[in-house]
1. Have a look at PRO89, PRO274, PRO12 and tell me which one the Gaussian network model of the chain (Cα, springs below 10 Å) gives the largest fluctuation.
2. Sticking with the crude label model, points 7 Å out along Cα→Cβ, report the distance from TYR195 to ALA254 in nm, one decimal please.
3. So what is the orientation-averaged projected area of region 13-308, using the convex hull of its C-alpha atoms, in nm²?
4. What distance in nm separates the two pseudo spin-label positions at ALA71 and THR154, each 7 Å out from Cα along the beta-carbon direction?
5. Taking chymotrypsin sites (Phe, Trp or Tyr not before Pro) as candidate sites, keep only those in a DSSP loop with at most 15 other Cβ atoms within 10 Å, then name the longest stretch of the chain containing none of them.
6. Rounded to the nearest 10 Å², what accessible area does VAL117 show when all protein chains are kept and the probe is 1.4 Å?
7. Hydropathy first: keep DSSP H helices in the chain averaging at least -1.0 on Kyte-Doolittle, then drop any whose Cα extent along the axis falls short of 15 Å, and list what survives.
8. Tell me the per residue accessible area of the chain using a 1.4 Å probe; a whole number in Å² is fine.
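The values are calculated or read from the model by the stated rules, or taken from the named source; none is laboratory data. Note that the structure is a prediction, hence the values are computed from the model and not measured. For neighbour counting, all protein chains shown are included, and Cβ atoms are generated from backbone atoms with ideal geometry for every residue, glycine included. Ligands, DNA and RNA are stripped out before the accessible areas are found, and what is left, the full protein with its side chains, is counted by its heavy atoms. Shrake-Rupley method; radii C 1.70, N 1.55, O 1.52, S 1.80 Å.
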Amino acid sequence: MQLADTNLMVHPLHLGGNPFGWGADRDQSFAVLDAYAEAGGNFIDTADAYSAWVDGNSGGESETIIGEWMASRGNRDDMVIATKVGAYPKRKGLDPANIRKCIDASLRRLGTDHVDVYYAHSDDESVDQVAVAETFDALVRSGKVSYLGASNFTLDRLQSAMKISAQYSLACYRVVQDRYNLVSRSAVDSQKQEYLRAQGIAELPFHSLASGFLSGKHTGGDATGSVRGSRVADLLENQEALRALEILDDVASAHNASMTATTLAWQLTHDFIPSTIASARVPEQLTELLAGTELQLADDEITALNDAWVEA
């Protein structure tokens, strides 16, 4: 599938590189990447900050593993690589000098001369947006970056950045990332959806499974089965979220599919979402993720899932 207004053709499962280097060690990560590529996957998401929050890590571990994997497999030209700047603890923010240092460090770790998509990991209101836009544009013109992305931007700030790019004839954001799933939709409300459609910007949602909640594996009250399990505690106490999960389970059962596959399939029914981000710690977890890219939902099922959650 074509990624928005770019020349990139990407798989509908955007493999998250977040676990590489903490939830999955090097060998496990290689196994996941091999299985993903063998299944036809080509779109990998990472960031320079992954996984600086883990004791003993400093950041860049995910990029390093992905770079070593591509070098060992000789497949860089077959992969679409997305990484981010702005959240690395030692180099936070979108100061122009910081961006220039971070892209070079990311390229070294990834073992490549360019990244296909380069994100602002989050907005930085302390830096002039014109300066940020000019810096990103220079990276595109230099060939170090093919296309630009914005992660965790409000609609107002995204619109402002796009206006600046148009005004000064600079490279603009072609993709965005936001938290968006069956039980968390406020970051991509109807206004933002309309704007993304009008601008031809692709949304690549993260937390697609709500930290595992939408897989259904925590409904017995045990949130210890994954490295992110503690994050589902609030959802397990939310009756509306549990009701949405029941509707998801009903739709999944009708297809003899997993809840994981079904929630990804629902995301991909959105015309502004060409690919959705999900991660795997072991190859076996890819089976359900990939199944979600093949599952076709009926119109009434899509409506039921659309109506399953009303953001408070």
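1. Looking only at PRO89, PRO274, PRO12, the largest GNM fluctuation is found for PRO89.
2. Each label point lies 7 Å from its Cα, and together they span 3.4 nm.
3. Values: hull surface 60.0 nm².
Mean orientational projected area (region 13-308, Cα hull): 15.0 nm².
4. It is 4.3 nm.
5. Numbers: sites that count: TRP53, TYR168.
Result, exposed sites excluded: 169-312.
6. Per-residue accessible area (VAL117): approximately 0 Å².
7. Details: long enough: 26-38 (18 Å, -0.34); 61-73 (18 Å, -0.45); 96-110 (21 Å, -0.27); 129-142 (20 Å, 0.58); 155-167 (18 Å, -0.22); 239-254 (23 Å, 0.28).
For the chain, where a helix must reach 15 Å along its axis and average at least -1.0, the hits are 26-38, 61-73, 96-110, 129-142, 155-167, 239-254.
8. On the way: 13300 Å² over 312 residues.
About 43 Å² of surface per residue is accessible.
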